[in-house]
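J.: Below are the structure tokens for one structure; questions will follow.
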Amino acid sequence: MKVGVVGTGYVGLVTGTCFSEMGNDVTCVDIDEQKIEALKRGEVPIYEPNLSRMVLENYKRGSLKFTTDIKEALDNSNIVFIAVGTPMGEDGSADLQYVLKVAESIGKYMKHHMSVVNKSTVPVGTADRVEAKIQEELDRRGSNLTFDVISNPEFLKEGDAINDFMKPDRVVVGAKRKEAFDTMRELYAPFTRSRDRFIQMDIRSSEMTKYASNAMLATKISFMNEMANICERVGADVNMVRHGIGSDSRIGYSFIYAGCGYGGSCFPKDVQALIRTAKEYGYEPKILEAVEDVNYRQKRVIVDKVIKRFGEDLSGKSFAIWGLSFKPETDDMREATSIVVIDELTKMGAEVKAYDPKAIDEAKSFYLKDNDKVSYFDSKYTPLKGADALILLTEWKEFRSPDFDEIKKRLNSPIIFDGRNQYNKDILREEGFEYYQIGVEE
């Protein structure tokens, strides 16, 4: 099939690449000329396992093309995916200006029937606005061309996005006409051969499904962090509690690991956007507001533990940070706990020495670029030398089984603050470490 994808960010690039992998003729569009030229050279601007290899292979094979000309993409496509950003506005709502700009361009330049697919995460009712914008441009042209607007939310985990796309748990599609469903079913057929994962519904339910999914996962995380904070106060161990409740098949083990808060491009933005949507319709979403509030406070938990141990004046103190990205297997630092922790520690006078396998450039160039109290290192043990404690914030694999003798030798004192509960507290304390976890009595 001939597919256009507008937007070569995280969702757009993964979507276009995976469709081309299955033999479709895919044209990806972006207004950023430098990014497009880099992609033609096989240079991918984000870190996602296997993505660079697949982009280069499919581009060389000719099944994946890159352009800055949306007219070219529309001429060469029967299905066009809108996969541009929907950043969070100051009021918490999703900013749809880029989505609607693409819709306007589609209306201006389409020359045949188009299936227009919203892949961006958008609030309920966005498909109606996209349809109206396209029709407005067609009317201006005096054109009687037809089109379908379809909702097809993404459910990709950063760090495992290729696998999620190629072997989806479900493919959710919202549309009005049988023909639109048939088109999407044909497109996704190679990804759903082992069993039928294609779920069709009305458009507004499809739009809502994306927000509801992320809000439920965020709720599980915040709920477990709430339990962790209670555990610390009553003398329970949240790690044992997790085993106890996770064995219940109605609950399961996914997303019930206590930690120092969630981040990324989806959960924070989507929870806030859903809160905003609910309020626009006259409903107070108390649970969602609590989820957001718990997460906001959870990002300070490690800071509070540092203050309890070292005091509020951290002048002359140095802390080694392991992990800057909001989760492992990505360089994404959007809403990452590391930003809050480092900002708070340096405000209190501390120096921070940071290491992350992939996110150093992101930190230097954007998220922490103005903080001169932060220095960066290219290996995990180097920043430990002379540090007063190690703080683990992201559970990268290379942090799971470190050399604790080496850690103890390099630190000024053997102190670890573990924001992801990676290690065995009994073993570390027997080896002479001061070891602080989330949800465990100190």
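J.: Just the residues that are among the polar types (S, T, N, Q), under 22 Å from N152 (Cβ atoms) and surrounded by fewer than 17 Cβ atoms within 10 Å (Cβ to Cβ), please, taken from region 68-102.
T.: Filtering region 68-102 down to residues among the polar types (S, T, N, Q) leaves 68, 76-78, 86, 93, 97.
Within this subset, residues satisfying the condition of being under 22 Å from N152 (Cβ atoms) are 76-78, 86, 93, 97.
Result: N76, N78, Q97.
J.: Can we say T183 is closer than 18 Å to F19 by Cβ, out of contact with any helix residue (DSSP H, G or I) (no Cβ under 6 Å at 6 or more places or on another chain) and surrounded by fewer than 17 Cβ atoms within 10 Å (Cβ to Cβ)?
T.: Numbers: closer than 18 Å to F19 by Cβ: yes; out of contact with any helix residue (DSSP H, G or I) (no Cβ under 6 Å at 6 or more places or on another chain): yes; surrounded by fewer than 17 Cβ atoms within 10 Å (Cβ to Cβ): no.
It is false that T183 is closer than 18 Å to F19 by Cβ, out of contact with any helix residue (DSSP H, G or I) (no Cβ under 6 Å at 6 or more places or on another chain) and surrounded by fewer than 17 Cβ atoms within 10 Å (Cβ to Cβ).
J.: Can you tell me which residue is modelled with the lowest pLDDT among those in region 136-176 that are part of a loop (DSSP other than H, G, I, E, B) and among the aliphatic types (A, V, I, L, M)?
T.: Step one: list which residues in region 136-176 are part of a loop (DSSP other than H, G, I, E, B), which gives 142-146, 152-160, 167-170, 175-176.
Checking which are among the aliphatic types (A, V, I, L, M) leaves us with 145, 156, 175.
On the way: L145: 98, L156: 95, A175: 98.
Among residues in region 136-176 that are part of a loop (DSSP other than H, G, I, E, B) and among the aliphatic types (A, V, I, L, M), the one modelled with the lowest pLDDT is L156.
J.: Would you be able to tell me the number of residues in region 39-64 that are acidic (D, E) and either under 13 Å from C28 (Cβ atoms) or buried (at least 19 other Cβ atoms within 10 Å of the Cβ) (or both)? Please lay out each step first, then the result.
T.: Restricting attention to region 39-64, the residues satisfying the condition of being acidic (D, E) are 43, 48, 57.
From what's left, either under 13 Å from C28 (Cβ atoms) or buried (at least 19 other Cβ atoms within 10 Å of the Cβ) (or both): 48.
Going through region 39-64 one residue at a time, the tally reaches 1.
J.: Pick from S222, S247, S254: which is assigned by TED's automatic domain parsing to the domain that holds A290 and crowded, with 18+ Cβ neighbours inside 10 Å?
T.: Testing whether each residue is assigned by TED's automatic domain parsing to the domain that holds A290 and crowded, with 18+ Cβ neighbours inside 10 Å leaves just S222.
J.: Shifting gears a bit: Which of (1) in contact with a strand residue (DSSP E or B) (Cβ under 9 Å, 6 or more places away or on another chain); (2) farther than 23 Å from D332 by Cβ; (3) surrounded by 15 or more Cβ atoms within 10 Å (Cβ to Cβ) does L145 not meet, given it meets every other one?
T.: All conditions are met except number (3).
J.: Among (1) in contact (Cβ under 8 Å) with a residue 12 or more places away in the chain; (2) loosely packed, with under 15 Cβ neighbours inside 10 Å, where does N163 come up short?
T.: Of (1) in contact (Cβ under 8 Å) with a residue 12 or more places away in the chain; (2) loosely packed, with under 15 Cβ neighbours inside 10 Å, only one is false for N163: (1).
J.: Further question on the same structure: Check region 75-89 and report whether any residue there is touching a helix residue (DSSP H, G or I) at 6+ places or on another chain (Cβ under 6 Å) and over 26 Å from F191 (Cα atoms).
T.: The answer is yes; a qualifying residue exists.
J.: Is region 214-225 home to any residue that is under 30 Å from N50 (Cα atoms) and basic (K, R)?
T.: Yes: region 214-225 contains one or more residues that are under 30 Å from N50 (Cα atoms) and basic (K, R).
J.: Could I ask something else about it? For region 401-434, what are the residues that are assigned to a helix (DSSP H, G or I) and acidic (D, E)?
T.: Those that are assigned to a helix (DSSP H, G or I) and acidic (D, E): D405, E406, D426, E430.
J.: Sort through T337, T346 and tell me the only one that's within 21 Å of the chain's Cα centre (by Cα) and among the hydroxyl-bearing types (S, T, Y).
T.: Working: T346 fails: within 21 Å of the chain's Cα centre (by Cα).
T337 is the lone residue from the list that is within 21 Å of the chain's Cα centre (by Cα) and among the hydroxyl-bearing types (S, T, Y).
J.: With a cut-off of at least 2 residues that are buried (at least 20 other Cβ atoms within 10 Å of the Cβ), at pLDDT 95 or above and of a type in the set (G, A, S), name the strands (runs of 3 or more DSSP E) lying wholly within region 314-385.
T.: Working: elements: 318-322, 351-355, 374-376.
Because the criterion is at least 2 residues that are buried (at least 20 other Cβ atoms within 10 Å of the Cβ), at pLDDT 95 or above and of a type in the set (G, A, S), the strands (runs of 3 or more DSSP E) in region 314-385 that meet it are 318-322.
Table: residues versus (1) in a helix (DSSP H, G or I); (2) of a type outside the set (A, V, I, L, M); (3) buried (at least 23 other Cβ atoms within 10 Å of the Cβ).
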residue: G261; (1), (2), (3): no, yes, yes
residue: S265; (1), (2), (3): no, yes, no
residue: Q272; (1), (2), (3): yes, yes, no
residue: G282; (1), (2), (3): no, yes, no
residue: Y296; (1), (2), (3): yes, yes, no
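The values are calculated or read from the model by the stated rules, or taken from the named source; none is laboratory data. None of these values were measured; they are calculated from a predicted model. Heads up, the Cβs are rebuilt from the backbone with ideal geometry, glycines too, and the neighbour counts pull from every protein chain shown.
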